[in-house]
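To start, the structure itself, in structure tokens.
The values are calculated or read from the model by the stated rules, or taken from the named source; none is laboratory data. Nothing here was measured: the structure is a model prediction, and the numbers come from that model. Ideal geometry is used to build each Cβ from the backbone, glycine not excepted, and the neighbour counts take in all protein chains shown.
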Amino acid sequence: MADVIYLDNNATTRVADEVVDAMMPFFTELYGNPSSMHTFGGQVGHYLKLARSQVAEFLGAQPDEIIFTACGTEGDNTAIHSAFKSQPYKKHAITTKVEHPAVMSLFKEYEKHGYQVTWLDVDGEGRLDLNALKASIRPDTALISTMWANNETGVVFPVEEIADIAKAHGVLYHIDAVQAVGKTEIDLSKLPADYLVLSGHKLHAPKGVGALYVRKGAPFVPLLIGGHQEKGRRSGTENIASIVGLGKALTLFHPKEDAPKIAALRDKLENALLAQIPNSRLNGAKDERLDNTTNISFKHVEGEAILMLMSQLGICASSGSACASGSLDPSHVLRAMGVPFTFAHGSIRFSLSRYTTEAEINRVIEAMPPIISRLRQLSPFHD
Ligand code: PLP
């Protein structure tokens, strides 16, 4: 689809051409199993090692602190299980009300089995209160688990300060960095987190691969049990082509050049929509935010209807308004921020990438005002 304007990069990203090129030999020539005794398979092990070093270097970690997974959800689940299972006498965890379901749903499952979870509030701009975090730490707290950046609003949490608090209280800290990796600087040599999770398909690598960082010395209990792959920490034959792709994708980030360009386009879009469309509002802190994300609500219109009209023009974005069950409840993130219902229903997340062009942003700026006014004319709701 040549004419698509893709502003849904927090959902998934286009695989970079360089990544596809790096992966191809692992389907056609180097298709051996790295665990095989023969040299044909064994040579693949070299590329596995290289990819592990690339991920480690990007994060400021050591190669043996990196475990390859199938997705962000697997990394998040493994970290949380590890913290609980390795400390069976601790049955409490602290997280936030705005986590991704990969974290939130697992904690809800643990709650059904006698565990207690403190769900921290956020303020109207999606920010955490670190005093509330400190006050909720108990002697039986096994884990603090927060995202680095929110997938719906882009709001960034102060992970360095949270890590210091966790460390000072002797509590493990897991960071869901799925939306942060490739969008903000990460240096785990300076950040005392115990677990950190990333996912390939959010950073121009393919779907079906991710990585879990486990700090040396942090407790670890595998989720998948079977063969000896990943030193027994994640059994299952390695998805070598995608692992190579993930390593390659991380070498392609040039934050000093890309980030200002992406932020300028995002700001242009955001400022134009807020200025041109009456009764619109930004959801989330303006400054403590990923450069690529803007979440804007349009009062008295439904997000799904907006997306449909955008889609007819080839513009892809997401709505935070409906939940997967098909009910029309606004997203849990916007509800936690106290966004009024009349606004929350009409929220659209635009998420850019280094491939987004100014011409595309100009087209979206032109397209949005008529879409919103057309829907408002049809809407039974008015001030
Ligand atoms: N965490 C966050 C913040 C996400 O945005 C996502 C995906 O949208 C995930 C976890 C889950 O990642 P995956 O789709 O790779 O399982």
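Among the residues making up region 163-179, those that are near the ligand (Cβ under 9 Å from one of its atoms) and in a loop (DSSP other than H, G, I, E, B) are A177, V178, Q179. Checking the structure you have, find out if any residue of region 180-190 is assigned to a loop (DSSP other than H, G, I, E, B), among the basic types (K, R), assigned by TED's automatic domain parsing to the domain that holds A61 and crowded, with 22+ Cβ neighbours inside 10 Å. Checking region 180-190: at least one residue is assigned to a loop (DSSP other than H, G, I, E, B), among the basic types (K, R), assigned by TED's automatic domain parsing to the domain that holds A61 and crowded, with 22+ Cβ neighbours inside 10 Å. Of the strands (runs of 3 or more DSSP E) that lie entirely inside region 77-161, those containing 3 or more residues that are within 21 Å of the chain's Cα centre (by Cα) span 92-96, 141-147. Taking every residue in region 268-280 that is in contact (Cβ under 8 Å) with a residue 60 or more places away in the chain and pairing it with any residue that is hydrophobic (A, V, I, L, M, F, W, C) and assigned to a loop (DSSP other than H, G, I, E, B), at least 6 positions away or on another chain, the pairs with Cβ-Cβ distances below 9 Å are L269/L7; L269/L352.
T251 falls short on exactly one of the conditions (1) surrounded by fewer than 20 Cβ atoms within 10 Å (Cβ to Cβ); (2) under 18 Å from G72 (Cα atoms); (3) at pLDDT 95 or above, and that condition is (2). Exactly one residue out of A61, A56 is part of a loop (DSSP other than H, G, I, E, B), assigned by TED's automatic domain parsing to the domain that holds I175 and at pLDDT 95 or above, and it is A61.
Can you confirm whether region 32-46 contains a residue that is within 24 Å of V178 (Cα to Cα) and crowded, with 20+ Cβ neighbours inside 10 Å? No, that holds for no residue.
Within region 189-201, residues that are at negative phi and β-branched (V, I, T) sit with their Cβ atoms under 7 Å from residues that are within 7 Å of the ligand (Cβ to nearest atom) and in a loop (DSSP other than H, G, I, E, B), at 6+ positions apart or across chains, in these pairs: V197/V178. For region 57-84, the tally of residues that are acidic (D, E), within 16 Å of the ligand (Cβ to nearest atom) and surrounded by fewer than 24 Cβ atoms within 10 Å (Cβ to Cβ) stands at 1. Within region 184-220, the set of residues being modelled with pLDDT under 95 and charged (D, E, K, R) comprises just one member, E185. When L246, L223, L212, L198 are checked against the criterion of being out of contact with any Lys or Arg (no Cβ under 7 Å at 6 or more places or on another chain), part of a loop (DSSP other than H, G, I, E, B) and within 16 Å of the ligand (Cβ to nearest atom), a single residue qualifies: L223. Does region 34-49 include one or more residues that are within 16 Å of the ligand (Cβ to nearest atom), modelled with pLDDT of 95 or more and not β-branched (V, I, T)? Checked region 34-49: no residue is within 16 Å of the ligand (Cβ to nearest atom), modelled with pLDDT of 95 or more and not β-branched (V, I, T). Within region 28-38, can one find any residue that is of a type in the set (F, W, Y), farther than 19 Å from N239 by Cβ and assigned to a loop (DSSP other than H, G, I, E, B)? The answer is no; no qualifying residue exists.
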